[in-house]
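Every number in this text was worked out from the coordinates using simple rules, so none of it is lab data. Just so it is clear, the model here is predicted, and its values are computed rather than measured. Here Cβ is always computed from backbone atoms with ideal geometry, including for glycine, and neighbour counts include all displayed protein chains.
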Amino acid sequence: MRRRKLIAPPDPAPSVAAQRRSPSSVVAGARANPFMFGLLGALGVLVALMIGGIVGQLATVLVYIGVALFLALGLDPIVRFIERKLPRPAAVAVVVIGVLLAFAGIILAIVPTLVEQIGNLIKDGPEMIKEFTKSAWFQDVSGQFGSTIQDAVDGVLGFVQNPDNFLDIGGGVFAVGAGIAGGLTGVTIVLILTLYFMASLRSMKRVAARFVPAYQRDTFSELLEDVSSAVGRYVIGQASLALTNGVLSLIFLTIIGAPVPALLALIAFIGSMIPLVGTLSASIIISLICLFVSPTTALIAIIYYLIYMQIEAYVLSPRIMNKAVDVPGALVVIAAVAGGALGGILGALVAIPVAASIIIIVQKVVFPNQDRKRTPPAVTVA
């Protein structure tokens, strides 16, 4: 006897209420209803504006976090070197103490000298300007260009010698003082964050790897180590170049009798931290300030910095930075200009390590993926 195969009856059609509750029907209804579509679009724009406002309010905090993470990655190679002899917490403590001692030493060595030299400059400024206007070089220049330069110098002298302008100067001093206080607060926050980031850098990398599928974690971790190492080497290399320029500038400017040599050396150090244009800009500022002493002093400063920039470009920078990051020269220029346009000085500072990180990602992710594609994709004919 044949057995009849039981066939399950087809599922009943979904009810109208279920269709209305489905997301696709809601989206379709929104598309069909212009009012609902406009309302959803307006809500999306409001949410985007709210997120943008929050990011704008937190911009300073995000900058602090970025700078602290940048410094932590830069100091991590030193921590790893000390970690060969000491545990990581002790290595982090040694690096932090060393950074704090170096920072305090720079402040104690430069700030009193700066205060004294700036005070002398303010006291002797009018007399220096008068002597400058009586020099033969100034007389020749003013004779060639007419009374424009003399009128400008007379205006500066009139402003300095007018007691009514001290209130305006005082307001500017208070504003500068408030800016300095805010800067010290920001430096303190960055130092604290740098300490925490250095201590927990490995755990942060492990947590970042957890967001990647398990079969890709080894590759991701290796890539993350390469990127962080490139950033660390770049920070150390750039700081070495800046320190070299600052120390040599302090010695040279003291020998030639430049005004406020400690302040000018600090300008040279800060300028060298900015790729490409930093050393040139600092050299121009220093040479112009040396012009107040004498044209000969300014000329000597110009010649020295022209020679130093050649040595830095062809001797120091290749030896230091080629070991740090391997970025082609054209990409260095493009990255520095783009970073400066987007983020100012901070953007120019981080542009080159970001470019190096992108090159590492391209070499270790994009190129291998392309190399594995040996055959063209199959083409289906309809």
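The fraction of Cα-Cα pairs per 10 angstrom bin, counted from 0 for region 178-247, comes to 17, 29, 33, 16, 5, 0 percent, rounded to whole percents.
Of the trypsin sites (Lys or Arg not before Pro) in region 56-88, the ones in a loop by DSSP (not H, G, I, E or B) with at most 16 other beta carbons within 10 Å are Arg84, Lys85. The stretch between Ala378 and Met50, if pulled fully straight at 0.36 nm per residue, gains 113.5 nm over its current Cα-Cα span.
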